[in-house]
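S.K.: Quick one: the structure is below, questions incoming.
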Amino acid sequence: MGSDSKQESATLVRHPPDERQVARKGHLWLMLRAFLRNEIALNVLSFGVLIAVWQVVSALLNTPFVPGPVAVARAFWMLAVHGDYEHIPLWKHVVASLERLAVGFASGAIVGVPIGLLMGLTPKLARGTRAVIEPFRFIPPIAWIPLAIILLTGMERYAFLIFLGAFFPIYTASALGVARVEMHFRDVAKIHGASKGWIILHVVIPSALPEILSGMRVGLGVAWMTIVAAEMSGGTSVGIARMMINYAEILKVAPIVVGMVIIGALGLLGNELLLVLERRLFRWRWAVKL
């Protein structure tokens, strides 16, 4: 053992490590750690990888039915500048879909939150109405489209369908949020003489808000799926999904992908806005994740 250690020491003396090389490796390691901790950089990298893979697959298949990102970007530019083949501007399609989404989603939240809170606060009422409410929760909003086509027109049709898509996730999350409120919070308020109304306003609702916002995020995703199906059912000449169907009829795939990308981008933006609101309202929570 003694001779081995002496030999290693002699080797280090004859060939000392390059300090600049060690410093360079340490600097690169620090840069890599900083990059991996940067969420924006990681998202940019993953998005770039997606675009690259998409382009490679499109080039290998070499068919107009699988357009690459370059062809989709070109189609987006044509739609943004010249409109679709019916000369309807792209922004009109986007605004029409956003208006329908806003009305239906807001209606679902306005109705879903109070009813969910009521059911959470009165378990007997919730158990007594399960046979009425729960079956409707399992009927997909798309199944209501034939009735909506017959009974409703215009904004009312789309708002109704989107309302159905957004209502049940928000309603369920609101009821579960009340059920998960810590009992000792209520007990402390009661000990200090708080009334039931004060406890509901200052303890129950604030404690349930994180669950409610999570339900809104789920409801927003379902609302986007519903509006796409509703617009595809007809009755309108404008809307992102209507534009996609029009181009599907003439076998133009790139504009269809443009509509898909717009829907995905708008959905991501809405989800991020709700996450920002959640972080600001509930800074006391240790983490908020996607």
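S.K.: Quick one: Karplus J couplings for the stretch 226-238, per residue in order, coefficients 6.51, -1.76, 1.60, θ = phi - 60°, nearest Hz, x for Gly and Pro?
M.R.: 5, 5, 4, 5, 5, 5, 5, 6, x, x, 8, 9, 10
S.K.: Do you know the relative contact order of the stretch 69-281, to the nearest whole percent, from alpha carbon pairs under 8 angstrom that are 6+ apart?
M.R.: 28
S.K.: On to the next question. Sorting check: for 131-142, 204-215, which peptide has the highest mean count of neighbouring beta carbons within 10 Å, and how do the rest follow? It would help to have the intermediate numbers written out before the result.
M.R.: Numbers: 131-142: 12.4, 204-215: 19.6.
Put in order of decreasing packing, that is 204-215, 131-142.
S.K.: If you don't mind, there's one more thing I want to ask. Along the charge dipole of the stretch 131-290, which of Met244, Asn271, Ala179 sits closest to the positive end, that is, farthest toward it, with unit charges on the beta carbon of Lys, Arg, Asp and Glu (+1, +1, -1, -1)?
M.R.: Ala179
S.K.: What FRET efficiency would be calculated for the residue pair Ala179, Arg279, taking the C-beta separation as r and a Förster radius of 35 Å, to the nearest 0.05? Each step should come with its number before you reach the end.
M.R.: Details: r = 24 Å, r/R0 = 0.69.
Rounded to the nearest 0.05, the efficiency is 0.90.
S.K.: Could I ask something else about it? Only counting other Cβ atoms within 10 Å, I'd like Val81, Val222, Val94 sorted with the fewest neighbours first. Can you show the working numbers first?
M.R.: Numbers: Val81 9, Val222 21, Val94 18.
Fewest-to-most ranking of Val81, Val222, Val94: Val81, Val94, Val222.
S.K.: What is the packing order of peptides 69-78, 161-170, taking the mean over residues of other C-beta atoms within 10 Å and listing the highest first?
M.R.: On the way: 69-78: 16.1, 161-170: 25.9.
Ranking the peptides 69-78, 161-170 by packing returns 161-170, 69-78.
S.K.: Fewest first, what order do Glu249, Glu156 take by the number of other Cβ atoms within 10 Å? Display every interim value, and only then the final one.
M.R.: Working: Glu249 7, Glu156 12.
With the sparsest Cβ surroundings first, the list reads Glu249, Glu156.
No value in this document is a laboratory result; all are computed from the given coordinates. From a predicted model like this one, the values you see are computed outputs, not experimental measurements. Methodologically, a virtual Cβ is constructed for each residue, glycine included, from the backbone with ideal geometry; neighbour enumeration extends over all protein chains shown.
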